[in-house]
Amino acid sequence: MFRSAGIALVVLTASAAWGSELPRYDIEATCRAAPTLQGSAGNTDRNCLRDEAQARAQLGQQWAGFDARRRDECVQEASLGGSPSYVALLTCLQM
């Protein structure tokens with residue numbers, strides 16, 4: 001009984017700690033997928049990489065100031081479609 005409670009506590013603590021950190025996205029993969037998701041090659045890889053890097057830097061500075069529940073919701077939303085994006089994450093958090 002106590003062992004199960006201890007394991008549950010460790011899992012919950014790890015989940016809370018994981019959710020408190022800015023997620024790590026593969027922005028190169030995100031930018032390669034962007035023209036496919038947009039239906040065109042409107043945003044070049046270089047511009048996409050720049051935008052993603054700038055959004056990640058801004059999120060890194062502001063992450064702790066966002067409500068934890070909102071962060072979790074936006075992390076899930078920014079990952080829809082299989083290509084997570086810092087730009088989408090930042091936009092969600094700013095709304």
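List the residue pairs whose Cβ atoms are under 6 Å apart, where the first residue sits in region 76-94 and is touching a residue at least 24 places away in the same chain (Cβ under 8 Å) and surrounded by 19 or more Cβ atoms within 10 Å (Cβ to Cβ), the second is in a helix (DSSP H, G or I) and among the β-branched types (Val, Ile, Thr), and the two are 6 or more positions apart or on different chains. Here the result reads 83/30; 85/30, each pair linking region 76-94 to a residue that is in a helix (DSSP H, G or I) and among the β-branched types (Val, Ile, Thr). Count of region 1-60 residues, restricted to those that are among the small types (Gly, Ala, Ser), surrounded by 14 or more Cβ atoms within 10 Å (Cβ to Cβ) and modelled with pLDDT of 90 or more, is 1.
The values are calculated or read from the model by the stated rules, or taken from the named source; none is laboratory data. Nothing here was measured: the structure is a model prediction, and the numbers come from that model. Note: ideal-geometry Cβ built from the backbone for every residue, glycine included; neighbour counts use all protein chains shown.
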